[in-house]
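J.: Handing you a structure now.
The values are calculated or read from the model by the stated rules, or taken from the named source; none is laboratory data. Predicted model, so just to flag it, every value in this text is computed and none were measured. Don't worry about glycine lacking a Cβ; one is built from the backbone with ideal geometry, like all the others, and counts go over all protein chains shown.
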Amino acid sequence: MSNTSRHIAFIGGGNMASAIIGGLIRQGMQPMQITVIEPFAETAGKLLKDFGITVLPAAGAALAQADLVVWAVKPQMFSEAAAPVMPHTGEALHLSVAAGIRTDSICRWVGTDRVVRCMPNTPALVGQGITALFPNPSVTAADKALVEQVIGTTGQYLWVDKESQLDAVTALSGSGPAYVFYFLEAMTEAGVGMGLSTEQAYKLAVATFSGASALAAASTESPEVLRQRVTSKGGTTYAAITAMEASGIKPAFVKAMQAAELRARELGDEFGKA
C-alpha cells in the first residue's frame with residue numbers, strides 16, 4: 001500500500017475502520033492518504049491521536065479524491081450516511097463492511113455498481129482476522145486486487161461466489177469471535193469452580209483455544225479426527241464430550257448459528273429498502 005497517489009476514505013471510524021487503517025499504515029500507507037468521516041468527537045479524536053489522519057465531521061468535496069470508499073457504518077445508518085457522500089464518490093470503488101446490506105441497495109445509495117461487500121471479524125484488530133468478500137459484476141480484476149491489498153492488512157480473506165453466502169459467513173466467522181469468548185467465559189467459570197484462580201483459569205482457557213486453533217490450521221486432518229485423538233474411551237475427555245453430547249450442545253450451537261444467519265438476512269430486508 002505504498003502507492004502515494006492512492007487515497008482511501010472511510011465512512012465511519014469505529015473498531016473495524018480502525019483495524020483496517022492500522023493495517024494500512026503498518027503496510028506503508030501515509031496518513032495523508034486516508035480520510036475518515038466521523039461525526040462523534042470522541043471517536044474522531046482517538047483516530048487523530050492514534051493515526052494522525054484527516055478526520056472530518058461530515059461528508060464533503062474532500063471525498064472526491066478517494067479511489068476507494070470503505071463503508072464502516074451500522075446497517076441502519078447506511079442509507080442516511082450515503083446521501084451526502086454520493087455526489088462526491090461516483091468514480092470510486094466502494095467496499096462495504098455493513099452486515100446484511102446487499103449490493104443492490106448499496107449500488108443504489110452510492111450511485112455506482114463498483115461495489116464489493118465484505119464480512120470481516122474483530123480479530124482484524126490484531127491482524128488475525130478472516131474476511132469474506134463478494135464482488136458485484138461490475139468490479140474489475142484491478143478493483144479486486146486493490147480490495148485484497150486493503151483487507152489483507154488485517155489477516156486472511158476469501159472470495160465467495162454467491163452474495164447469499166455472506167449471511168452464512170456472518171453467522172460463522174463474523175459473529176464467531178463472540179462464540180469463542182462465550183466458551184472462554186464458561187471454561188474460566190468452570191476452572192474457578194474447580195479451585196483455580198480466575199487469572200489461572202482464563203490463561204489456561206485462552207492458551208487452549210489458540211493452541212488448538214493453531215494445531216487445526218497446521219493439520220490436514222478433520223476436526224473430528226483431531227478430537228478423537230484426544231478422546232480415549234473411559235478417560236477424562238471422553239467424560240466431558242459425553243456430557244456435552246447428552247446436553248445437546250452441538251445441535252444447540254448449530255441452531256444458534258442458524259439464528260445469526262437469519263438475522264443477517266433480516267437486516268438486509270429491514271434496512272435495504274430506503
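J.: Pick out the one residue from Thr208, Thr242 that is part of a helix (DSSP H, G or I), more than 31 Å from the chain's Cα centre (by Cα) and surrounded by 11 or more Cβ atoms within 10 Å (Cβ to Cβ). Working first, answer last.
T.: Numbers: Thr208 fails: more than 31 Å from the chain's Cα centre (by Cα).
Only one candidate passes the filter, namely Thr242.
J.: Also: Could you list, ordered by first residue, the pairs with Cβ atoms under 6 Å in which the first is in the stretch 247-274 and within 23 Å of Arg227 (Cβ to Cβ) and the second is part of a helix (DSSP H, G or I) and of a type outside the set (D, E, K, R), at least 6 apart or interchain?
T.: From the stretch 247-274, the pairs are Met257/Ala171.
For every residue, the table says whether it meets (1) modelled with pLDDT under 95; (2) out of contact with any strand residue (DSSP E or B) (no Cβ under 9 Å at 6 or more places or on another chain); (3) β-branched (Val, Ile, Thr).
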position	(1), (2), (3)
Arg102	yes, no, no
Asp113	no, yes, no
Asn121	yes, no, no
Gly127	yes, no, no
Asp143	no, no, no
Thr154	yes, no, yes
Ala178	no, yes, no
Glu199	no, yes, no
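J.: Now for a separate question. Does Val225 satisfy the condition of being over 28 Å from the mean Cα position of the chain (by Cα), part of a helix (DSSP H, G or I) and surrounded by 14 or more Cβ atoms within 10 Å (Cβ to Cβ)?
T.: Details: over 28 Å from the mean Cα position of the chain (by Cα): yes; part of a helix (DSSP H, G or I): yes; surrounded by 14 or more Cβ atoms within 10 Å (Cβ to Cβ): no.
Here the answer is no, as Val225 does not meet what is asked.
J.: Being among the charged types (D, E, K, R), surrounded by fewer than 16 Cβ atoms within 10 Å (Cβ to Cβ) and closer than 17 Å to Lys162 by Cβ: is that true of Asp104 here? Steps first, please.
T.: Details: among the charged types (D, E, K, R): yes; surrounded by fewer than 16 Cβ atoms within 10 Å (Cβ to Cβ): yes; closer than 17 Å to Lys162 by Cβ: yes.
Against the criterion (among the charged types (D, E, K, R), surrounded by fewer than 16 Cβ atoms within 10 Å (Cβ to Cβ) and closer than 17 Å to Lys162 by Cβ), Asp104 qualifies.
J.: Counting only residues that are crowded, with 16+ Cβ neighbours inside 10 Å and assigned to a loop (DSSP other than H, G, I, E, B), which one in the stretch 156-176 is modelled with the highest pLDDT?
T.: Top of the filtered list is Val160.
J.: Is it the case, given these coordinates, that Ala58 is exposed (fewer than 14 other Cβ atoms within 10 Å of the Cβ) and either touching a strand residue (DSSP E or B) at 6+ places or on another chain (Cβ under 8 Å) or not assigned by TED's automatic domain parsing to the domain that holds Asp113 (or both)?
T.: Working: exposed (fewer than 14 other Cβ atoms within 10 Å of the Cβ): yes; either touching a strand residue (DSSP E or B) at 6+ places or on another chain (Cβ under 8 Å) or not assigned by TED's automatic domain parsing to the domain that holds Asp113 (or both): yes.
Judged against the criteria, Ala58 is a match.
J.: Which condition breaks for Val97 when tested against (1) in contact with a strand residue (DSSP E or B) (Cβ under 7 Å, 6 or more places away or on another chain); (2) within 30 Å of Arg26 (Cβ to Cβ); (3) modelled with pLDDT of 95 or more?
T.: Going through the list (1) in contact with a strand residue (DSSP E or B) (Cβ under 7 Å, 6 or more places away or on another chain); (2) within 30 Å of Arg26 (Cβ to Cβ); (3) modelled with pLDDT of 95 or more, Val97 breaks only (3).
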